[in-house]
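Report on the following structure.
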Amino acid sequence: MKKNRSASVSRRGFLKGATVGTAASLVVGTETIAAAPPVRNAIAAVPRADADPSSEYEIQTVENPGSDFMVDCIKGLGFEYVAANPGSSFRGLHESLINYGGNKNPELLTCCHEESSVAMAHGYAEVANKPMLALAHGTVGVQHASMAIYNAYAGRAPVFIILGNVLGGRDRRPGGEWSHSVQDAAAMVRDYTKWDDCPRTLADFAESAARAYTISMTLPRMPVVLVADYALQEYPAAAYPKFEVVKATPERPPVADSGAVAELARLLVSAENPVIIAGRVARTEDGVTRLRQFAETLQAPVIDSGANLPSRHPLNQGNQRMGLLQHADVVLGLEADDLYGTLYEVDDQEWRPNRRLIPPTAKIISIRTGGLFLKSNYQDFQRYMPFDMEMAADPDSTLPALTEAVKKVMNDDRKRAFQDRGAKFAVAGLKALEQAHAEASVAWDASPISATRLQSELWNAVKDEDWAVMGDMMWGRGNYLWNFTKYYQRWHGGSAIGIGFAAPAAVGAALAHRKEGRVCVHINNDGDMLYAPGVLWTAAHHKIPLLMVMNNNRAYHMEMMHVQRMCARRQRGITNGRIGTEIVNPPVDFSKIAQGFGVYAEGPISDPKELGPAFKRALAVVKRGEPALIDAYMQPR
Ligand SMILES: Cc1ncc(C[n+]2csc(CCOP(=O)(O)OP(=O)(O)O)c2C)c(N)n1
């Protein structure tokens, strides 16, 4: 094909245009301002997508590139944000998002690490109940993102990832573009994503985007990957056959069949000591109400690892686990992915001895979607548990029918028995609360600071605000000291416990809370923060209000305990267990790190009396819409 002079702008012409400001950018002070308008492309005939790029075409401008249509698809799916560390393999899409798409719905979040992008998207999804988009370079970018993708997979979180790639060898410039290109960009994370695709045309992209979104949001929710090839992004859309935006259709969650529900209801009503084990059941406040009504109808205790019920609900009896299980005659797991780990005690000794905590006659029932999608390689699915009845259904959607079925077979005698049972749990709940407060006062004035002192001071600082907590509350203790009454106040999500996740996930979650005007707090561990602290800059740059409290115990302490355990088991004394697990000499100054990223910060604080006033000052910063960090020197664990 011969070059058509009127159909393209030559390099010389382009540069000439640039000097008079038609197609380039102007530098004013330190700011680069795009000069408008760009040179209009006058291509009469568009090249075919599979044309040989060694032909004479020299195209400096493109009108209506394929990535504009990708943005139409992305907007159609309702993404609010797109998290990305920039990468030339998706530069076309990047440009379309900010110019064609107006950098709004989705708005681009500048991330300093792909792991942070995906972890932020994970944290956001847990609060917003929908995916955030994350973009990554198809090779090195996805290599960085991979652990966060695995965390989202194991945590059953919907994250939508688009990878850039240059599939065609002749489309690649020599050098980096070859080392950053890949035959099968999603291969590296295929073991821990739910679905991926590499669409060849824009029509395929539209369908695959809608399909990926639906798959990601269908229970069990998981990350999905779409590969956006260079040619698809950068060639004119007209190079591709007819295409249109495709709508994603949400799938209704599966509900257990009525026969199984009736059978389970009879079993539960006749049981003397039923125990409910709740994983991630509720996805909304209404879901909490459904679980609460079900538990209250039976007055059955709940071991609530999914943080569903209000923390001080009388049936929230997680701290009585051993005692409850010892006498259980029916155990009902609701989206409980690790029933084995709850019903058995597995000791960390040689040979890992295990002990069943429930009587041998106890019936075990499970309602969950977790078994509907499994992959083989990664073993996050936990040990196999044989059930007396297993329903492959969404417990949240099944609970209304189950509650009605229980009411139907419940006579007055059983109702009275249930009320007596409930009264005992109410008394036990109050006792547990008293005990938690008593335990919190131990080492109240200690320095380094105790976990419960920090949790109590933080609670005092936020309790009169509209608040929410990101991540866990330092090994669950805070769950008793804080009064969680609303679904959104707590973190419900899971992960594969890949460290380096908590800080960016908290920033993503805080972003989802931002438009509700909530005060968000997160207790972050020093080891976690050190993986990718650049997320603090992202929080500062995008004005994401979050109070980050550093649980600075100056160690990878969980691992220190493991190494010390090995030392003790081998009878060599535990002193050397610090080698390779401490973060000292020098100690890390997190407030300086945060300040360097433009975040308000104080610390390190080692006098517990200083915590309260510091939290107050930091909250004032958060309430004006910015992140803040308080570094606290803490007891080991
Ligand atoms: C990516 C990754 N590397 C290593 C580990 C092993 N690991 C588990 S807990 C832990 C220590 C984390 O330290 P920190 O976040 O400071 O919490 P601490 O144990 O001190 O409370 C490590 C390194 C992991 N889970 N994930």
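Some observations on this one:
- Here the range 467-481 is the region considered, the condition is being more than 16 Å from the ligand (Cβ to nearest atom) and at pLDDT below 90, and the residue that is nearest to the chain's Cα centre (by Cα) is N479.
- Number of positions in the range 415-445 that are over 23 Å from Q455 (Cα atoms) and among the aromatic types (F, W, Y): 2
- Residue list for the range 185-205, filter: of a type in the set (A, V, I, L, M) and over 25 Å from the mean Cα position of the chain (by Cα): L202, A203
- Selected residue (only one of R518, R578 is more than 28 Å from K486 (Cα to Cα) and more than 10 Å from the ligand (Cβ to nearest atom)): R578
- For the range 625-637, a residue qualifies if it is away from the ligand (no atom under 16 Å from the Cβ) and either free of Cβ contacts under 8 Å to residues at least 24 places away in the same chain or of a type in the set (G, A, S) (or both), and the qualifying residues are G625, A628.
- Any hit, the range 596-611, residues being within 16 Å of the ligand (Cβ to nearest atom), within 23 Å of S450 (Cβ to Cβ) and surrounded by fewer than 16 Cβ atoms within 10 Å (Cβ to Cβ): no
- Any hit, the range 243-264, residues being of a type in the set (K, R) and outside the structural domain of G87 (by TED's automatic domain parsing): yes
- Evaluated against (1) modelled with pLDDT of 95 or more; (2) surrounded by 22 or more Cβ atoms within 10 Å (Cβ to Cβ), S495 falls short on exactly one condition, (1).
- Which listed residue is more than 21 Å from T284 (Cβ to Cβ), assigned to a strand (DSSP E or B) and at pLDDT 95 or above, from V507, V549: V549
- Only listed residue being within 23 Å of P504 (Cβ to Cβ) and surrounded by fewer than 23 Cβ atoms within 10 Å (Cβ to Cβ), chosen from A157, A128, A203: A128
- Looking only at the range 322-341, and only at residues there that are touching a residue at least 24 places away in the same chain (Cβ under 8 Å) and in a helix (DSSP H, G or I), the one that is farthest from P220 (Cα to Cα): Q326
- Given (1) within 13 Å of the ligand (Cβ to nearest atom); (2) part of a helix (DSSP H, G or I); (3) touching a residue at least 60 places away in the same chain (Cβ under 8 Å), number of the condition D528 does not satisfy: (3)
- The range 255-271 residues that are more than 16 Å from P395 (Cβ to Cβ), paired with ones that are surrounded by 14 or more Cβ atoms within 10 Å (Cβ to Cβ) and of a type in the set (F, W, Y) (beta carbon under 9 Å, 6 or more apart): V269/F418
- Residue-level check: of (1) in the same structural domain as A185 (by TED's automatic domain parsing); (2) surrounded by 24 or more Cβ atoms within 10 Å (Cβ to Cβ); (3) assigned to a helix (DSSP H, G or I), L291 misses just (1).
The values are calculated or read from the model by the stated rules, or taken from the named source; none is laboratory data. Since we're looking at a predicted model, the values are computed, not measured. Virtual Cβ from ideal backbone geometry, glycine too; neighbours counted across all protein chains shown.
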